[in-house]
Amino acid sequence: MESAARTQAARDRVPRIDPYGFERPEDFDYAAYEEFFSAYLVVLTRRAIKWSKLLKGGGGVQKSMTVKRYIRKGIPLEHRARVWMGVSGAQAQMDQNPGYYQRLLEGERDDRLEEAIRTDMNRTFPDNVKFRKGADPCLQRTLYNVLLAYGHHNRDVGYCQGMNFVAGYLILMTDSEEESFWLLDALVGSILPDYYSPSMLGLKTDQEVLGELVRTRLPAVAALMDRHGVPWTLVVSRWFLCLFVDVLPVETVLRIWDCLFSEGSKVIFRVALTLIKRHQSFILEASSFTDVCEKFREITKGSFVTECHTFMQKIFSEPGRLSAARIARLRERCRARLLARG
């Protein structure tokens, strides 16, 4: 009775819709969230004071060891867009190309591109009140514009499913079409090369790389996957393609993206390895193909991923050293293997 009363009290205090416009699911643990967030609020306040001092003066944000350290500990929401723009190079690109975004929107039309984007509009965040047609303003139009401009800008990619969720998060964070466009370009064109190309070779390569990393660091899990014939693409493709959007809680995704813009794509491997390592014994209980897939869905839920500050500390400690050189070598080997398969 006491537990139920505490949960109801928390439900009354925690809004049904989160600060980003997402409706909390029916099974949302209000009591656990309130307990986490009351402690996290102290961290956020402390970080906000430090960031305000660091960013005093209003100039651009440049990469440095101090900035990297600050980013790993979390960027306050009010500074997030500015920091992402600075450390990713998106701000420099926007400054060097004034008016370019608008020209893309006003340029030559591509009916196939427009239809592909339009098809995904209602599928993008149906649980977010800001993306519903009745919203004022409705972010569907903003999302459409960003994806259309990007399709014109990068014709080799055009539009690929998954980009809508990534662009949607960027719009929620920046509240700016043009900044969202340039951040999307930083991700698709630089940080995640070939993830969204028609062949998706970069995405497939990185899923194979994760498999290799698991094989050397968590061999029992790799053996389980082999035994039940579960391909990595089946259990982690959404993790990589949507950058954990709609997989992990919003605050956790944003903390991951803070580091992704700053440190590059190896952050994705750190997150994936941490999830798998932390839940290794649970995963190893799987007794069938279907069971393995279900275990991988389950490990993206619960307090471990909700408590984003602790989670981010874990991704930089639990997987151990993960050098850029090692990732590059693994990518080269896995890409060659994929190309040989045809």
Surpassing 26 Å at the alpha-carbon level, of the pairs Lys73/Lys133; Lys266/Lys314; Lys63/Lys130; Lys130/Lys314, are Lys73/Lys133; Lys63/Lys130; Lys130/Lys314
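Below 8 Å, C-alpha to C-alpha, sequence gap of six or more: please give me the relative contact order for the stretch 207-299 in percent. Before the final figure, lay out the partial values.
Details: 62 pairs, mean separation 30.1, N = 93.
Answer for the stretch 207-299 is 32 percent.
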So, in nm, how far is label Phe282 from label Arg16 when the simple model puts each one 7 Å beyond its Cα toward the Cβ?
2.9
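Kindly state, to the nearest 0.05, the FRET efficiency for Gln96 paired with Thr233, given R0 = 30 Å and r defined as their beta-carbon distance.
Using R0 = 30 Å, I get an efficiency of 0.20.
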Those trypsin sites (Lys or Arg not before Pro) in the stretch 129-224 that DSSP places in a loop and that have at most 12 other beta carbons within 10 Å:
Lys133, Arg155
Just check the stretch 77-121 against the gyration tensor rule for me: Cα atoms, a ≥ b ≥ c as the square roots of the eigenvalues, rounded for a/c under 1.5, and otherwise prolate or oblate depending on whether a/b exceeds b/c.
oblate
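Subtract the Cα-Cα distance of Arg341 and Lys68 from 0.36 nm times their separation in residues, and report this length gain in nm to one decimal.
94.4 nm
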Identify, among Pro15, Gly134, Leu41, the residue whose Cα sits farthest towards the positive end of the charge dipole of the stretch 4-146, taking +1 on the Cβ of Lys and Arg and -1 on the Cβ of Asp and Glu, with the dipole about the Cα centre.
Leu41
A student applying the Cα gyration tensor rule (rounded when a/c is under 1.5; otherwise prolate if a/b is larger than b/c, oblate if not) would label the stretch 271-342 oblate
In the chain, taking the dipole from +1 charges on Lys and Arg beta carbons and -1 charges on Asp and Glu beta carbons about the Cα centre, the listed residue (Ile299, Met85, Ala223) farthest towards the positive end is Ala223
Taking the chain and dividing mean pair separation by its residue count, relative contact order in percent (alpha carbons under 8 Å, at least six apart)
17
Just to be sure I understand the model, the point goes 7 Å from the Cα along the line to the Cβ. What's the resulting Thr45 to Thr310 distance in nm?
2.1
With the 1.4 Å probe rolled over protein heavy atoms, the chain has an accessible area per residue in Å² of 48
Which of rounded, prolate or oblate describes the stretch 201-317 when judged by the alpha-carbon gyration tensor and an a/c cut-off of 1.5?
prolate
Which one of Gly264, Leu184, Tyr196 is farthest out on the positive end of the charge dipole of the chain, using unit charges on Cβ (Lys, Arg +1; Asp, Glu -1) and the Cα centre as origin?
Gly264
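Do the sum for the chain: with -39,500 (n - 2.57) for every DSSP H run of n ≥ 4, divided by all residues, what is the mean residue ellipticity at 222 nm, to the nearest 500 deg cm²/dmol?
Per the formula, -20000 deg cm²/dmol.
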Could you check how much of the accessible area of the stretch 26-185 is carbon and sulfur, as a whole percent, using a 1.4 Å probe?
49
May I ask you to list the residues of the stretch 20-50 whose amide nitrogen lies under 16 Å from a point 7 Å from Cα along the Cα→beta-carbon direction of Asp175?
20-22
Of all stretches in the chain that avoid GluC sites (Glu not before Pro) placed in a DSSP loop and having at most 15 other Cβ atoms within 10 Å, the longest is 109-284
Can you tell me the length gained on complete extension of the stretch Glu23 to Gln161, counting 0.36 nm per residue apart and subtracting the Cα distance?
47.4 nm
Tell me the trypsin sites (Lys or Arg not before Pro) within the stretch 47-101 that lie in a loop according to DSSP and have at most 11 other beta-carbon atoms within 10 Å.
Lys56
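The values are calculated or read from the model by the stated rules, or taken from the named source; none is laboratory data. This structure is a prediction, so every number in the text was calculated from the model and none was measured. Glycine gets a Cβ as well: all are built from the backbone with ideal geometry, and neighbour counts include every protein chain shown. Heavy atoms of the whole protein, side chains included, go into the accessibility calculation; ligands, DNA and RNA do not. Shrake-Rupley method; radii C 1.70, N 1.55, O 1.52, S 1.80 Å.
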